[in-house]
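The values are calculated or read from the model by the stated rules, or taken from the named source; none is laboratory data. Predicted model, so just to flag it, every value in this text is computed and none were measured. No Cβ is skipped: glycine too gets one built from the backbone with ideal geometry, and neighbour counts run over all protein chains shown.
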């Protein structure tokens, strides 16, 4: 459908300009060379348009940054020159500029010069490039309007998702406070009979306390997030010590003041435990490596997978809500500035994540 729309637009674009300009030279309307020359003249805007968009997309600047219009202008000017100059060489070799309408010859004389400007007059060719760029105002204007509409739609979806998450958190708040108080009270009673049981409850209370009082912020210090993960893993290790090995390694500038979106890293850790340790009664292995250097954090989360039938593997696939939300949050907070790579094998799963710290 999109391809058909593009074809229709460019067909209308070329036909409009052909109809508008051809009557200026009535004695040449019936000349095949003239018709072909004008057809190629206006058709060249098609590769110029898509070449400009492709270049901007490759360098990641098809956005609303303050310098994007300037960069887009420069790229479009370069594309205009790179496409137009070979076109006039084709005119000269195929028809001869003197056999085309009179406006082709003075302009073409500049395009037939060397690629590298030598004389001052050689730079006049860029004036003609600038004049022709005005014909691209409509297609580029429509493109930027579409990008703006898509950006507004994406922001609206993110706001809607955020409100839904806040509503869910609000509904759970009363129950969470109740559980938090019950666990604290139980740890005191259990401590009389079992020091290990009391320790487990105290750590569980710490985790719930974090989700109640700190996880409600949009961002949290990386040190705080890592401390939460460390306690979370320690708790899981106590539960599954007989059948699992959980390793957590942190390297680099762990005392940095940088922040991360709250529970972003924890989502990966939780997925590793859910689909590794808790998915089987067999021995399992989980290793989380975190490196913090030069204002950037790199994570590698590895876990073994249980041996299961294809249907069971599909049922426990990682393409669930956790990773979907993770991708959305990364795109929202770090568009074009993060790397997320997933490597899945029959008996193992590895996630690589890199993104800059905030602040």
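Quick look at the numbers
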| read-out | value |
| --- | --- |
| Per-region count, region 69-110, residues surrounded by 17 or more Cβ atoms within 10 Å (Cβ to Cβ) and outside any helix (DSSP H, G or I) | 3 |
| Test: residue 337 is within 13 Å of the chain's Cα centre (by Cα) and at pLDDT below 95 | yes |
| Criterion: within 18 Å of residue 44 (Cβ to Cβ) and at pLDDT below 85 - qualifying residue of 104, 95, 90 | 104 |
| Hits in region 274-297 - residues which are over 18 Å from residue 354 (Cβ atoms), at pLDDT 90 or above and buried (at least 20 other Cβ atoms within 10 Å of the Cβ) | 284, 286 |
| Residues of region 331-359 classified as closer than 23 Å to residue 274 by Cβ, surrounded by 12 or more Cβ atoms within 10 Å (Cβ to Cβ) and in contact with a strand residue (DSSP E or B) (Cβ under 6 Å, 6 or more places away or on another chain), total | 10 |
| Filter result for residue 300 (within 14 Å of residue 349 (Cβ to Cβ) and surrounded by fewer than 20 Cβ atoms within 10 Å (Cβ to Cβ)) | yes |
| Candidate set: region 43-60, residues that are modelled with pLDDT under 85 and more than 14 Å from residue 143 (Cα to Cα); chosen: the one surrounded by the most Cβ atoms within 10 Å (Cβ to Cβ) | 55 |
| Residue within region 111-119 that is buried (at least 18 other Cβ atoms within 10 Å of the Cβ) and over 35 Å from the mean Cα position of the chain (by Cα) present | yes |
| Residue in region 256-273 that is surrounded by fewer than 19 Cβ atoms within 10 Å (Cβ to Cβ), over 19 Å from residue 211 (Cα atoms) and over 22 Å from the mean Cα position of the chain (by Cα) present | yes |
| Scan of region 238-249 for residues that are under 29 Å from the mean Cα position of the chain (by Cα) and crowded, with 16+ Cβ neighbours inside 10 Å, ordered by number | 248 |
| From 24, 14, residue being assigned by TED's automatic domain parsing to the domain that holds residue 140 and modelled with pLDDT of 85 or more | 14 |
| Residue within region 245-264 that is farther than 30 Å from residue 335 by Cα and assigned to a helix (DSSP H, G or I) present | no |
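This table checks each residue for (1) at pLDDT below 70; (2) over 21 Å from residue 278 (Cβ atoms); (3) over 32 Å from the mean Cα position of the chain (by Cα); (4) surrounded by 14 or more Cβ atoms within 10 Å (Cβ to Cβ).
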{"site": "167", "(1), (2), (3), (4)": "yes, yes, no, no"}
{"site": "186", "(1), (2), (3), (4)": "yes, yes, yes, yes"}
{"site": "207", "(1), (2), (3), (4)": "no, no, no, yes"}
{"site": "215", "(1), (2), (3), (4)": "yes, yes, no, yes"}
{"site": "236", "(1), (2), (3), (4)": "no, no, yes, yes"}
{"site": "253", "(1), (2), (3), (4)": "no, yes, no, yes"}
